[in-house]
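Notes follow once the structure below has been shown.
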Amino acid sequence: MASILSTRNIIKTFGGLVAINDFSLEIPEGSISSVIGPNGAGKTTFFNCVTGFYKVDAGMILFNGAPIQNQRTDIVTRLGISRTYQNIRLFANMSAIENILVGQHPRLKTFWGEAIWKSKRFQEEEAVALEEARRLIKFVGLQGLGDQVARNLPYGAQRRLEIARALASQPKLLLLDEPTAGMNPNETGEMTHFIKHLRDELGITILLIEHDMRVVMGISDQVTVLDYGSKIAEGKPKDIQNNPRVIEAYLGRGAASGLKSGKAK
Amino acid sequence: MKTIDWKTAIRNGLVGGVIALYFSMIGMVEAFSGRNLIGDFFNMGHLLLFGGVLAAGILTARAHKEASVGINAFSSLVAGLAAGIPTTLLILLANNVELQSVFVSVNRTLLALLTFERGMSGLGLFFLATSLIALAGGLYDSLPGVYKRTLGLSLSVVVVVAVFSNIVTQIMTTLFGRPSVRLILDGDALKPLSAAVLFVVLTGIFILREQRRVKAEKLVASGAAAIESKRASLQRQVILFVGIGILLLIAPYVLGSFLSQVLFEVGRFVLLGLGLNIVVGYAGLLDLGYVAFFAFGAYTMGILTTTGPLNQGGGLFNFWLALPIVVLVSVFFGIMLGFPVLRMRGDYLAIVTLGFGEIIRILALSDWLRPIMGGAQGVLAIPSPVFFGIKLDSPEKMYYLVLAGALLVAFVSIRLRDSRLGRQWMAMREDEDVAEAMGINLVQTKLLAFAIGAGFSGLGGAIFAARLGNIFPHSFNLLISINALSLIIVGGLGSIPGVIVGAIALVGLPELLREFQEYRLLMYGILLIVMMLNRPEGFLPAEVFKRELHAEEAELPGAEA
């Protein structure tokens, strides 16, 4: 399978802190891949580098074979990468539909001034965009809530709306930053199904940061483990589960050896 | 509550009394007392002096929920007595100690006013007045709902008519001739009889309307009239629009020169406010140097069209030829200011733009640019625009120009707000980083906001220059920016009707109440504080703002679905 995203030896430092250290990664097209790691491992920093929000200090990021490192965020989005945030960042005072309309921005082509005389092209484009927004609202299961102001939506709905907004630009690669954070087991299960459904239905490659191991192990084709900015393991979920370095990173050295001896018994 | 709540009553009363004391000591009561409202016994000073007391009486009675009329009346009487205390202390103190060296406004005239020109025996009268007024407030609050609403409304209307009697005078003079004015007005004040007649007639009208409303509600409740009422409301909207349109068109004929000038001022600030509304209200870029673009517009128009010593165009340009150039120049400078502040947010942006506005004013004053901009002498002899042979040289005629400008700008604002660009601006206002992650080009979006806002402001400046004929650097001080910002905040950020209401309230009303002029900024301050505390989203908020700031009241329909 061809890689849709590949990073080659990227380094990102903040002053003396090395947030990402010589990190390389290949994301196969059409896969669901996960990046896991303890708090502060550099997962979100990695997302910020991919989307161009942070400039990398060294290394390359290739999207469909073309370098995108240090591009402006809006250009990266136009190329087909879109993301959600760990702490939901919707446009809180705009309605759900409007949030999705903003998400469709890269696809709208008419000159801004045409809105003043309401050219036919403008009206058609707006009508199509609105129809698409309604469709997306339904697709993520929020029908009837489209006119609610985003901040008034319940937590789970906000997560879904954020995904709908990210989908609105019709991305080829979707970055989800902890999509199940703060959800109960029921909601987490639904979200897991939904993510799978996204890949199967729309054929979008998905890269997610996730802490819930049941989610990670349940849907990932490939798992990458980060610790202190470095990759410490990569592979199929079940390989990762038994990797001693991963256990050590999560639970500490003593726990890792304890687990091993426990297994031996 | 069955018993009287002494604490609330006394506290409310004291607050009302302190308000009266405050207005007295800053000299407003004295300044306003010369302006009679009804006959020669009720003037605007009284309004300031006893307005707070009346409110104290009403609020005290309201605090005693479901109490008997007696308790309501007694508690408000207590509040009224308490309200007399602060001012009485002032009178006693002023009679024994020389206060005027510290508090300039506490003079003989004020004391005479407060004691009803009866010396110390007037003290009792003052107490009597506060108690009676608070008692009236308390009794008023005990009235049944319908009467409370209608009486309160018609009383307010009578007072408003009396306060703005100059408008009434003007309209009646135009419509019925000068003698008709003397029938109901005595100088600036309403005659007591005409005030009483007006009050009774208004009350009658309001009660009739109330009854009809109740009947209509019953019909709607029965469901029979649902479709009919929808159609009727549409009809009413059309009638309202046509009515407002006609009023706007005939306004200068009915209102005469002075009031047309006031309308012109309001229109000028509507133009400014709508431009600033795009920058601050939609795009969320706090711009305190907005007056700079107004100055660019005015100066460009002045320099291009002047027939005075600074004449550069050789009389080549008239108003209409210069207008597009003015707008383009303003847009250009809007972009020029935009570039250096692209990376700035919030407070930093505000400070830099503040500096920018001052730089422009000082440049206009400077000797360096004197050959072009005229320095302190400004640009003189800017000709009035000529529209198909009609010279627009009076406030009545210029009013149409500013009206056309405001309508155009409002139209463009609405269209842009409901488009992709409007959504870009609002997304940027909500969260700049996320907006960029949605593929929005922040540079372009910000520059467009600055450019369009500047263009609107420049248009306002051009009309301003053509109206005045002469422009000077001091016409473009920081106060203009602050005025424009205050009016969009008071009206409601991001709301176009809000800008209009804000301009009327903050620009129109002070022009009408000439007594206010000296206290204009004080009133701004009070109004802004009260607004921020009680209605932070403004008089006529944009939909989303209202939902944001009253989120605790907002329902969550289907939230659990």
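Summary of values
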read-out	value
Helices (runs of 4 or more DSSP H) within region B:489-538 that include 1 or more residues outside the structural domain of B:Val160 (by TED's automatic domain parsing) and hydroxyl-bearing (Ser, Thr, Tyr)	B:520-534
Filter result (of a type in the set (A, V, I, L, M), within 18 Å of A:Ile75 (Cα to Cα) and at the interface with chain A (Cβ under 7 Å from one of its Cβ atoms)) within region B:418-441	B:Leu421, B:Ala427, B:Val434, B:Ala437, B:Met438, B:Ile440
Single residue of B:Asp393, B:Asp433 found to be surrounded by fewer than 23 Cβ atoms within 10 Å (Cβ to Cβ) and assigned to a loop (DSSP other than H, G, I, E, B)	B:Asp393
Within region B:133-185, helices (runs of 4 or more DSSP H) holding 1 or more residues that are in contact (Cβ under 8 Å) with a residue 24 or more places away in the chain	B:145-163, B:165-176
Any hit, region A:157-180, residues being more than 14 Å from chain B (Cβ to nearest Cβ), in a helix (DSSP H, G or I), at pLDDT below 95 and closer than 19 Å to A:Val215 by Cα	yes
Count - residues of region A:125-136 that are at the interface with chain B (Cβ under 10 Å from one of its Cβ atoms) and out of contact with any Leu (no Cβ under 9 Å at 6 or more places or on another chain)	0
Hey, B:Leu459 out of contact with any Lys or Arg (no Cβ under 7 Å at 6 or more places or on another chain) and surrounded by fewer than 24 Cβ atoms within 10 Å (Cβ to Cβ) or not	no
Test for B:Leu321: is it surrounded by fewer than 19 Cβ atoms within 10 Å (Cβ to Cβ) and under 21 Å from B:Asn470 (Cβ atoms)	yes
Complete set of residues in region B:341-356 that are under 21 Å from B:Gly297 (Cα atoms) and surrounded by fewer than 16 Cβ atoms within 10 Å (Cβ to Cβ)	B:Gly355
Out of A:Ile204, A:Ile247, sole residue that is more than 14 Å from A:Val35 (Cβ to Cβ), in contact with a strand residue (DSSP E or B) (Cβ under 9 Å, 6 or more places away or on another chain) and crowded, with 19+ Cβ neighbours inside 10 Å	A:Ile204
Residue match in region A:137-145 (condition: at the interface with chain B (Cβ under 9 Å from one of its Cβ atoms) and buried (at least 19 other Cβ atoms within 10 Å of the Cβ))	yes
Selection status of B:Leu401, within 9 Å of chain A (Cβ to nearest Cβ) and in a helix (DSSP H, G or I)	no
Pairs with Cβ under 7 Å, 6+ apart, first in region B:240-265 and surrounded by fewer than 15 Cβ atoms within 10 Å (Cβ to Cβ), second not in a helix (DSSP H, G or I)	B:Ser257/B:Ser394
Candidates B:Ile471, B:Ile452, B:Ile440 - the one that is touching a residue at least 12 places away in the same chain (Cβ under 8 Å), within 30 Å of B:Leu522 (Cβ to Cβ) and among the hydrophobic types (A, V, I, L, M, F, W, C)	B:Ile471
Looking only at region A:89-99, and only at residues there that are facing chain B (nearest Cβ under 10 Å) and among the hydrophobic types (A, V, I, L, M, F, W, C), the one that is farthest from B:Phe411 (Cα to Cα)	A:Leu90
B:Leu193, sole failed condition from (1) touching a residue at least 24 places away in the same chain (Cβ under 8 Å); (2) surrounded by fewer than 17 Cβ atoms within 10 Å (Cβ to Cβ)	(1)
Residue pairs meeting the criteria (Cβ under 7 Å; at least 6 apart or on separate chains; first farther than 17 Å from B:Met301 by Cβ, in region B:363-375; second acidic (Asp, Glu) and exposed (fewer than 15 other Cβ atoms within 10 Å of the Cβ))	B:Gly375/B:Asp367
Residues being free of Cβ contacts under 8 Å to residues at least 60 places away in the same chain and under 30 Å from B:Asn72 (Cβ atoms) - total across region B:97-132	11
Subset tally (residues that are in a helix (DSSP H, G or I) and either more than 15 Å from B:Ile278 (Cα to Cα) or out of contact with any helix residue (DSSP H, G or I) (no Cβ under 8 Å at 6 or more places or on another chain) (or both)) for region B:461-488	17
Those residues of region A:35-47 which are surrounded by fewer than 23 Cβ atoms within 10 Å (Cβ to Cβ) and within 14 Å of chain B (Cβ to nearest Cβ), in sequence order	A:Thr44
B:Arg415 vs. criteria within 30 Å of A:Arg107 (Cα to Cα), within 14 Å of chain A (Cβ to nearest Cβ), modelled with pLDDT of 90 or more and touching a Ser or Thr at 6+ places or on another chain (Cβ under 9 Å)	no
Residue check for B:Gly16: crowded, with 20+ Cβ neighbours inside 10 Å, under 29 Å from the mean Cα position of the chain (by Cα), under 26 Å from B:Pro144 (Cβ atoms) and small (Gly, Ala, Ser)	yes
Tally, over region A:125-182, of residues that are among the polar types (S, T, N, Q) and without any contact (Cβ under 8 Å) to a residue 24 or more places away in the chain	2
Some residue of region A:53-73 being in contact with a Leu (Cβ under 8 Å, 6 or more places away or on another chain) and either within 12 Å of B:Asp433 (Cα to Cα) or of a type in the set (Ser, Thr, Tyr) (or both)	no
Which numbered condition A:Ala150 misses (of (1) under 27 Å from A:Val50 (Cα atoms); (2) at the interface with chain B (Cβ under 10 Å from one of its Cβ atoms); (3) of a type in the set (Gly, Ala, Ser); (4) in contact with a Gly (Cβ under 9 Å, 6 or more places away or on another chain))	(4)
Scope region A:50-87; condition facing chain B (nearest Cβ under 10 Å) and of a type in the set (Val, Ile, Thr); matching residues	A:Thr51, A:Thr73, A:Ile75, A:Val76, A:Thr77, A:Ile81, A:Thr84
Test: residue in region A:106-123 that is free of Cβ contacts under 8 Å to residues at least 40 places away in the same chain, surrounded by fewer than 19 Cβ atoms within 10 Å (Cβ to Cβ) and more than 13 Å from every other protein chain (Cβ to nearest Cβ)	yes
Yes/no for B:Glu537 being closer than 28 Å to B:Val409 by Cα, within 14 Å of another protein chain (Cβ to nearest Cβ), modelled with pLDDT of 80 or more and more than 14 Å from the chain's Cα centre (by Cα)	yes
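The values are calculated or read from the model by the stated rules, or taken from the named source; none is laboratory data. As the structure is a prediction and not an experimental result, all values here were calculated from the model. Please note: Cβ atoms are built from the backbone with ideal geometry, for glycine as well, and neighbour counts cover all protein chains shown.
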